[in-house]
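S.K.: This structure is in structure tokens; I'll ask about it shortly.
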Ligand SMILES: Cc1cc2nc3c(=O)[nH]c(=O)nc-3n(C[C@H](O)[C@H](O)[C@H](O)COP(=O)(O)O)c2cc1C
């Protein structure tokens, strides 16, 4: 479930060419469960009709500060008060300038003046306008005043210029609006997450690996980022887009993963090791492609470094280490053994046999074991929801110290 579920979002639309994308943004916010009210500048009405926003939002659109339909309410104050969050997309050079300088002379700028909830500004304009000193100065002012600014994308613009100024995709903006409203209970925390499988080469074209999709680790990295942490994600090869605002370090083998984690250990507050690291690598790895021959082929395997254990030995007071254990049997017994032997604070154990297999799935069923608290046996649930529950348990450990 999205953090926007049941929240009121006010969508401000100003008069830029990208105003047509705001309709899609309205839909994206609604898909996340938000109740969206739209405020448009008079110039925005020249780009997209009010009726489109009204029909989709199921609310009348606020466009004229001097037109009050309901005498018992002052519309700009009423909208400002009910908003859990506001997003202005596209934000023209003009509306950015007005808000940065305290001007309130239309429905949108007047409403913004009264808003207490977080506001996101999505500038979209011609590159030369965007790079102008006035726009950059106004964006700096807005940032200092606590507004959330989403940088525009670079690309070919409607004005035949290539450069920064394009409104990012509506689904990206909706995700960022969601992140803006999430509680920031991991603010300033430095977090390292490992995810995905490792890949151990047999020769230059073949490898051994496992079925890990990386989904669980990526959801955990995303949850930390949304909740304010600075996240590094050390990831094996996966088919998932990198999370926003996250340092992604791509690796292939267990040796590489260990090295990249060791390099970053010093300044990390929390480590969550979700990666399915191969226990073994090929000892007699071939330099050239192995030719097919009669009589089969013997591969000699040697043990990979135990990443969790190696890092566990370097653990400093105050750091929190979380491991994952995928077991096909004796879940509790194996998980508790790992908790102890690998110097972990928490272990998230899942049974990967039969219908409960989490590999590649959107859902996962786990039990959370810690040193001092009773095990938490959780139901099968969406990995995104589970990621937040795992983070809640990490906070409990921290608060328990
Ligand atoms: C075809 C056309 C496209 C425009 N596109 C943009 C744009 O993408 N971004 C921008 O800041 N201004 C753009 N403008 C200029 C704004 O419409 C103009 O500055 C206007 O005063 C903005 O009013 P508002 O901020 O009250 O909506 C465009 C104007 C025209 C005629």
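S.K.: Take region 99-108 and flag every residue that is part of a helix (DSSP H, G or I) and within 17 Å of residue 146 (Cβ to Cβ). It would help to see each step written out before you state the result.
M.R.: First pass over region 99-108, keeping only residues part of a helix (DSSP H, G or I): 99-100, 107-108.
Passing the criteria: 99, 100.
S.K.: Still on this structure, please answer the following. If residue 248 meets every condition in (1) surrounded by fewer than 23 Cβ atoms within 10 Å (Cβ to Cβ); (2) under 27 Å from residue 147 (Cα atoms); (3) modelled with pLDDT of 95 or more; (4) in contact with a helix residue (DSSP H, G or I) (Cβ under 8 Å, 6 or more places away or on another chain) apart from one, which number is that one?
M.R.: Residue 248 satisfies all of (1) surrounded by fewer than 23 Cβ atoms within 10 Å (Cβ to Cβ); (2) under 27 Å from residue 147 (Cα atoms); (3) modelled with pLDDT of 95 or more; (4) in contact with a helix residue (DSSP H, G or I) (Cβ under 8 Å, 6 or more places away or on another chain) except (4).
S.K.: Counting residues that are within 26 Å of the chain's Cα centre (by Cα), within 13 Å of the ligand (Cβ to nearest atom) and under 20 Å from residue 13 (Cα atoms), which helices (runs of 4 or more DSSP H) fully inside region 115-220 reach at least 1?
M.R.: Correct list: 133-144.
S.K.: Separate question: Can you spot a residue in region 22-39 that is over 28 Å from the mean Cα position of the chain (by Cα) and either over 21 Å from residue 180 (Cα atoms) or crowded, with 20+ Cβ neighbours inside 10 Å (or both)?
M.R.: Step one: of region 22-39, the residues over 28 Å from the mean Cα position of the chain (by Cα) are none.
No, there is no match, as no residue in region 22-39 is over 28 Å from the mean Cα position of the chain (by Cα) and either over 21 Å from residue 180 (Cα atoms) or crowded, with 20+ Cβ neighbours inside 10 Å (or both).
S.K.: Restricting to region 97-112, name every residue that is more than 9 Å from the ligand (Cβ to nearest atom) and touching a strand residue (DSSP E or B) at 6+ places or on another chain (Cβ under 8 Å).
M.R.: Across region 97-112, the qualifying residues are 99, 107, 111, 112.
S.K.: Check whether at least one residue in region 88-96 is more than 12 Å from the ligand (Cβ to nearest atom) and touching a strand residue (DSSP E or B) at 6+ places or on another chain (Cβ under 8 Å), and report yes or no. Steps first, answer last, please.
M.R.: So in region 88-96, the residues more than 12 Å from the ligand (Cβ to nearest atom) come out as none.
No, because not a single residue in region 88-96 is more than 12 Å from the ligand (Cβ to nearest atom) and touching a strand residue (DSSP E or B) at 6+ places or on another chain (Cβ under 8 Å).
S.K.: Are any residues in region 25-54 more than 16 Å from the ligand (Cβ to nearest atom) and in a helix (DSSP H, G or I), and if so, which ones?
M.R.: 26, 27, 28, 29, 30, 31, 51, 52, 54
S.K.: So which of 275, 325 ends up being under 18 Å from residue 210 (Cα atoms), in contact with a helix residue (DSSP H, G or I) (Cβ under 7 Å, 6 or more places away or on another chain), modelled with pLDDT of 90 or more and buried (at least 16 other Cβ atoms within 10 Å of the Cβ)? Can you show your working first?
M.R.: Values: 325 fails: modelled with pLDDT of 90 or more.
Sole residue among the options that is under 18 Å from residue 210 (Cα atoms), in contact with a helix residue (DSSP H, G or I) (Cβ under 7 Å, 6 or more places away or on another chain), modelled with pLDDT of 90 or more and buried (at least 16 other Cβ atoms within 10 Å of the Cβ): 275.
S.K.: Grab the strands (runs of 3 or more DSSP E) fully contained in region 244-287, keeping just those with 2 or more residues being touching a residue at least 12 places away in the same chain (Cβ under 8 Å) and under 24 Å from the mean Cα position of the chain (by Cα).
M.R.: 247-250, 270-273
S.K.: To continue, here is another question. Going through region 1-22 one residue at a time, which ones are assigned to a helix (DSSP H, G or I) and out of contact with any helix residue (DSSP H, G or I) (no Cβ under 6 Å at 6 or more places or on another chain)? Give the steps one after another, and end with the answer.
M.R.: Residues of region 1-22 that are assigned to a helix (DSSP H, G or I), as a first pass: 19-22.
Across region 1-22, the qualifying residues are 20, 22.
S.K.: Within the set of pairs 6 or more residues apart or between chains, which connect a residue that is closer than 12 Å to residue 84 by Cβ inside region 1-26 to a residue that is part of a helix (DSSP H, G or I) with Cβ atoms less than 6 Å apart?
M.R.: Listed by first residue and then by second, the contacts come to 3/178; 3/181; 4/178; 8/82; 9/29; 10/79.
The values are calculated or read from the model by the stated rules, or taken from the named source; none is laboratory data. The structure displayed is predicted, hence computed values, not measured ones. No Cβ is skipped: glycine too gets one built from the backbone with ideal geometry, and neighbour counts run over all protein chains shown.
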